[in-house]
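Everything below concerns the one structure shown next.
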Amino acid sequence: MGHIQPNTIQLHYIEWDSDLMQEKEIISNWNVTRDYMFVCKLTDAVLIRNRLWEHVSHETNQLQQAAIYIIPFLGKNVKDYISGIQSAIFDGQCQAAEQFTVEWHLWKEQCFQLLTSYQPQGPLDAASLLLDHYAFVDQREVEMLLTVLDTDRNTLLLFAKQV
């Protein structure tokens, strides 16, 4: 007989101590739908209470609780774009979206510029954007550089450069 899983799952963002190779502390704890959990787990980084963290790992345990292990953002994979990413995240307008929103930011003239913003049809629609390294946005082929879930603004930030 199959086990019916609840519609929501408890999600913990846990700071990981890379030196000691162990959990440090729970940074955030909330219930999310299983569909939204895909967005949370597939992004490269998360913004929680105005602090940027990068993902190092994630899991779902037998109790059906999910954990995403995070460290303070270092941006080793995007070192040429770090200042532009931080500027787009912290220096821009900070409005919380009523409904979950997706923003595409395009690298142009040594900074990220907002290319387009929209509300996805649902979490899986947004999660599908996170599966590809290349995409077509506004009739431009782009390469994904970094994906950030901004929990403060209820927005998925996609940082890309034109191919």
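What residue, among those in segment 61-88 that are more than 30 Å from Thr8 (Cβ to Cβ) and under 16 Å from the mean Cα position of the chain (by Cα), is most open to solvent (accessible area, probe 1.4 Å)? Top of the filtered list is Asn77. The numbered conditions (1) over 19 Å from Gly75 (Cα atoms); (2) surrounded by 14 or more Cβ atoms within 10 Å (Cβ to Cβ); (3) not aliphatic (A, V, I, L, M) are all true for Trp107 except (1).
When Phe112, Phe159, Phe90, Phe100 are checked against the criterion of being touching a Pro at 6+ places or on another chain (Cβ under 7 Å) and touching a residue at least 24 places away in the same chain (Cβ under 8 Å), a single residue qualifies: Phe100. Close contacts from segment 120-147, counting a first residue that is within 12 Å of Val163 (Cβ to Cβ) and a second that is open to solvent by 80 Å² or more (accessible area, probe 1.4 Å) and polar (S, T, N, Q), with Cβ to Cβ under 6 Å and a gap of 6+ residues or different chains, come to Arg140/Gln162; Val142/Gln162.
Taken as a whole, the structure places Ala127 among residues that are in contact with a helix residue (DSSP H, G or I) (Cβ under 6 Å, 6 or more places away or on another chain), aliphatic (A, V, I, L, M) and at negative phi. Looking at Leu145, is it within 24 Å of His12 (Cβ to Cβ) and crowded, with 20+ Cβ neighbours inside 10 Å? Judged against the criteria, Leu145 is not a match.
If you check Trp53 against the conditions, is it over 24 Å from Asp19 (Cα atoms), in contact with a strand residue (DSSP E or B) (Cβ under 8 Å, 6 or more places away or on another chain) and of a type in the set (A, V, I, L, M, F, W, C)? Considered against the rule, which asks whether it is over 24 Å from Asp19 (Cα atoms), in contact with a strand residue (DSSP E or B) (Cβ under 8 Å, 6 or more places away or on another chain) and of a type in the set (A, V, I, L, M, F, W, C), Trp53 comes out as no. Is it the case, given these coordinates, that Asp35 is surrounded by 11 or more Cβ atoms within 10 Å (Cβ to Cβ), among the charged types (D, E, K, R) and modelled with pLDDT under 95? For Asp35, the condition - surrounded by 11 or more Cβ atoms within 10 Å (Cβ to Cβ), among the charged types (D, E, K, R) and modelled with pLDDT under 95 - is met.
The values are calculated or read from the model by the stated rules, or taken from the named source; none is laboratory data. Model, not experiment: these values are computed from the prediction. Here Cβ is always computed from backbone atoms with ideal geometry, including for glycine, and neighbour counts include all displayed protein chains. All accessible areas refer to the heavy atoms of the entire protein, side chains included, with ligands and DNA or RNA removed. Shrake-Rupley method; radii C 1.70, N 1.55, O 1.52, S 1.80 Å.
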